[in-house]
Amino acid sequence: MDEQDRKRWEHIVEAAVAVTSDLDLDSLLARIIELARDLTGARYGALGVLGSDPEEGLVEFLTQGIDDETAAEIGALPRGAGVLGVVLRDGVPLRLDDVASHPDSVGFPPHHPPMGAFLGVPIRIDGRVFGDLYLTEKAGGFSEDDERLVTGLAAVAGTAIANARLFDELAGTRAELARMAVVEDRNRIARDLHDLVIGRLFAVGLSLDRIARHVDEPWAGRASQAVDDVDRAIADLRGAIFALGSDAATDEARLVRLLKATAAPLGFAPSIDIEGDLGLLELGRRSDVHAVMNEALANVIRHASATSVRLHLVVAPEGVVATITDDGIGMADQQPASGLANLRERAERSGGSLLIEPGPGGRGTRVTWRVPLESTEPAVDLP
């Protein structure tokens, strides 16, 4: 092996070692183009990278030998047509004394420097083509030795591109696994809250309700108030459970299912309409929405003697509005129940409002709870 061959193969080894270095992919590919030009004596060099979907064509195209001003005048970079497309399609090296003489040549765009001798080599690993490395303008044309050397550099480039994409896939997989672990933890906590805490609170509420029926005032009133407090705590916990198990793909179905479960004591199914994307709401707001609709529904069950109930939720980029309408006995001049006062507190805490008014035609009650998506903004005027 003469001195020139030794130097050439040293550069190949250098490029291979660089794959394991801390160089970013673009820097590494630029170094491979530089080595290819140095080893062959080519004036110009370029490397194109195909997208993950081959139908995308070349999504990246690195060049050397053309100054920035000329590159700007040439304009858009190649997408893999013409002779470059031949190398990508056939997946084998191509050497030409004059690139314009090839039947698939489409010529050069305006301001492009003239190019004659051409060497194009596919960048491929395990039979898959990732792009191409090509060189032009070598005095006397490119040799078979040039082709072998550039093929070796192209293999190094293929390894680097494949490794980079594998790293991206692994990073995406790790992120998905981490997300799934968080979801599983939330689901476990939600199950514990539902099965243990809510069950115990419900039992306490039943006991207090029985006590209230067998004692005189003021203890009966205090026991009833305690029952209301327990109901609100259960509503809050159910809202938290809803938020913990939140998944944009299933939130709407879960909310409808949970509200139907709450509505069971009515003896009939309420009308439930949801408009918009619950995914727009952060977890705390999702918890609020469930707790508000659940509490308002529970209030109807306890006090309204209604024969129909409609729950309507609108989620928009500006804010969220929950409306609960019943055809019951109405509130007349009564003070809002403590549960409804809790809803007003939730609304005002988030920069929103609560409106309690007679239902359509003056019959029953309509409760409208609205808050903006950003708590620092004033309440929005949604329908």
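The values are calculated or read from the model by the stated rules, or taken from the named source; none is laboratory data. Worth saying up front: this structure is predicted, and the values here are computed from it rather than measured. With ligands, DNA and RNA removed, areas are computed over all heavy atoms of the protein, side chains included. Shrake-Rupley method; radii C 1.70, N 1.55, O 1.52, S 1.80 Å.
Give the ranking of PHE118, PHE268 by solvent-accessible surface, highest area first, calculated with a 1.4 Å probe.
Numbers: PHE118 5, PHE268 60 Å².
Largest to smallest exposure gives the sequence PHE268, PHE118.
Ignoring ligands, DNA and RNA, what percent of the accessible area of the stretch 253-330 is carbon or sulfur (1.4 Å)?
Solvent-exposed carbon and sulfur of the stretch 253-330 make up 55 percent of the total.
Taking one equal scatterer on every alpha-carbon of the stretch 72-128, how large is log10 of I(q)/I(0) by Debye at q = 0.12, 0.22, 0.29 1/Å?
-0.31, -0.92, -1.27
Give me log10 I(q)/I(0) at q = 0.11, 0.15, 0.20 Å⁻¹ for the stretch 81-180, Debye formula, one equal scatterer per alpha-carbon, no solvent.
Debye curve over Cα of the stretch 81-180, log10 I(q)/I(0) at q = 0.11, 0.15, 0.20 Å⁻¹: -0.43, -0.67, -0.98.
Give me, ordered by chain and number, the residues 5 or more places off GLU60 or on other chains with an amide H under 5 Å from its own placed amide H.
VAL49
Taking all protein chains together and a probe of 1.4 Å, list HIS112, HIS214 from the most accessible to the least accessible. List each step's numbers first, then the result.
On the way: HIS112 45, HIS214 155 Å².
Largest to smallest exposure gives the sequence HIS214, HIS112.
Need one number for the stretch 282-328: average projected area of the convex hull over its C-alpha atoms, nm².
Details: hull surface 13.0 nm².
Computing the convex hull of the Cα atoms and averaging its projections yields 3.2 nm².
Sort out for me the Cα centre separation of the stretch 24-72 from the stretch 105-179, rounded to whole Å.
With the stretch 24-72 and the stretch 105-179 each reduced to a Cα centre, they are spaced 8 Å.
When a/c reaches 1.5 or more, the comparison of a/b and b/c decides; with that in mind, is the stretch 29-71 rounded, prolate or oblate per its Cα gyration tensor?
Verdict is oblate for the stretch 29-71.
Using a 1.4 angstrom probe with every protein chain in place, what is the largest-first accessible-area order of GLU252, GLU147? Please report the intermediate quantities before stating the final value.
On the way: GLU252 90, GLU147 45 Å².
Most to least solvent-accessible, the answer reads GLU252, GLU147.
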